[in-house]
Amino acid sequence: MRVTQSMLSNNFLKHLSNNYDKMGKIQEQMNTQKKITRPSDDPVVAMKGVAYRTNLTEVQQFKRNFTEAHNWLDNTDAALDQAKKALERIRQLTVQASNGTLEENQRASIAEEVQQLKNQIADIANTQVGDKYIFNGTDTLNPPTSVDANGNIVVKTPSNNNPVKLELANGVYIQVNSVNSDTNGIFNQELFDSMDKLITNLEADDQDALKQDLDNLDTHINNLVNERATVGARSNRIELMEDRIDQQEINVTKMMSKNEDADMEKVITDLITQEAVQRASLGVGARVIQPTLLDFLR
């Protein structure tokens, strides 16, 4: 086959263009510090990158859920602690009144303080995290307690009494609210009715009834203690799960880095090699292409 000057020139230009293209890709890797800048550069790396990024997005969402879960549980624990202190104060006052030596004005003062503590417990039952009521099941937009026309505390039955749960791992949902404020809950109607009876018994100086009131208070205090223990157990589990999610985030980020980040030492070596190839190509091209008339006229 006859090789013409035109064929030599075309081949030279084609290979020179390929060399520039390779050098351009290496420069892109230098600038971005990534192996690829488009899926067509390496479809396998691109597909793995999509999978790793999807996994990382899920992990980051779980981390945001952990923040929300801690917020709910911390506020729940604080509210239960305040309610427990209020009930313990009511019990202390009831013990003072049950010795039968107090005068009428002293019993009236104790009854007034119990009334205020009862209202405080109702306020605690209406604790909110943001704009959500945490003791009303998933009916978080409505307060669990209210005051009727007679000044009595009324506990509402939640329209949706399911527990509030957050997904903290794939398929793992953890309850983040306390017992709902229904007839079987911590802040139930029985609690406030028993305090109303206590106030009546204090005013009447009914010693026998006050002893029963003490037993009722002990029951409610124990319920609060047990619920706080449950909340603490959930918090401990969430902390362990959060440590695991943090480790997952580190692992996924590391795998994504190995998959996508360029080996800069290799990139620099490839760039130096490609520059040498480019210079050699230019030198060979200058020798292969025949001189023209203009070269002789210089």
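Of the residues making up segment 193-207, those that are in contact (Cβ under 8 Å) with a residue 12 or more places away in the chain, farther than 15 Å from Gly100 by Cα and not aliphatic (A, V, I, L, M) number 3.
Condition test on Ile238, is it farther than 30 Å from Pro39 by Cβ, modelled with pLDDT under 85 and in contact with a Phe, Trp or Tyr (Cβ under 9 Å, 6 or more places away or on another chain)? Taking the combined requirement at face value, the residue does not satisfy it. Counting the residues of segment 211-248 that are buried (at least 16 other Cβ atoms within 10 Å of the Cβ) and closer than 30 Å to Val45 by Cα gives 3. Among the residues of segment 83-138, the ones that are outside any helix (DSSP H, G or I) and not hydrophobic (A, V, I, L, M, F, W, C) come to 15 in all.
Whether a residue is assigned to a helix (DSSP H, G or I) and touching a Gly at 6+ places or on another chain (Cβ under 7 Å) was assessed, and Asn259 passes this test.
Among the residues of segment 147-177, the ones that are open to solvent by 60 Å² or more (accessible area, probe 1.4 Å), of a type outside the set (Lys, Arg) and not in a loop (DSSP other than H, G, I, E, B) come to 2 in all. Every test in (1) under 29 Å from Arg234 (Cβ atoms); (2) part of a helix (DSSP H, G or I) is passed by Asn142 save one, and that test is (2).
Each residue in segment 59-118 was checked for being under 18 Å from Lys197 (Cβ atoms), among the small types (Gly, Ala, Ser) and open to solvent by less than 30 Å² (accessible area, probe 1.4 Å), and 3 of them qualify. Scanning segment 38-58 for residues that are under 28 Å from Leu240 (Cα atoms), of a type in the set (A, V, I, L, M) and crowded, with 16+ Cβ neighbours inside 10 Å yields a count of 1.
The values are calculated or read from the model by the stated rules, or taken from the named source; none is laboratory data. Note that the coordinates shown come from a computational prediction; the quantities given were computed from them, not determined experimentally. Positions of Cβ are backbone-derived with ideal geometry, glycine not excepted, and every protein chain shown enters the neighbour counts. Heavy atoms of the whole protein, side chains included, go into the accessibility calculation; ligands, DNA and RNA do not. Shrake-Rupley method; radii C 1.70, N 1.55, O 1.52, S 1.80 Å.
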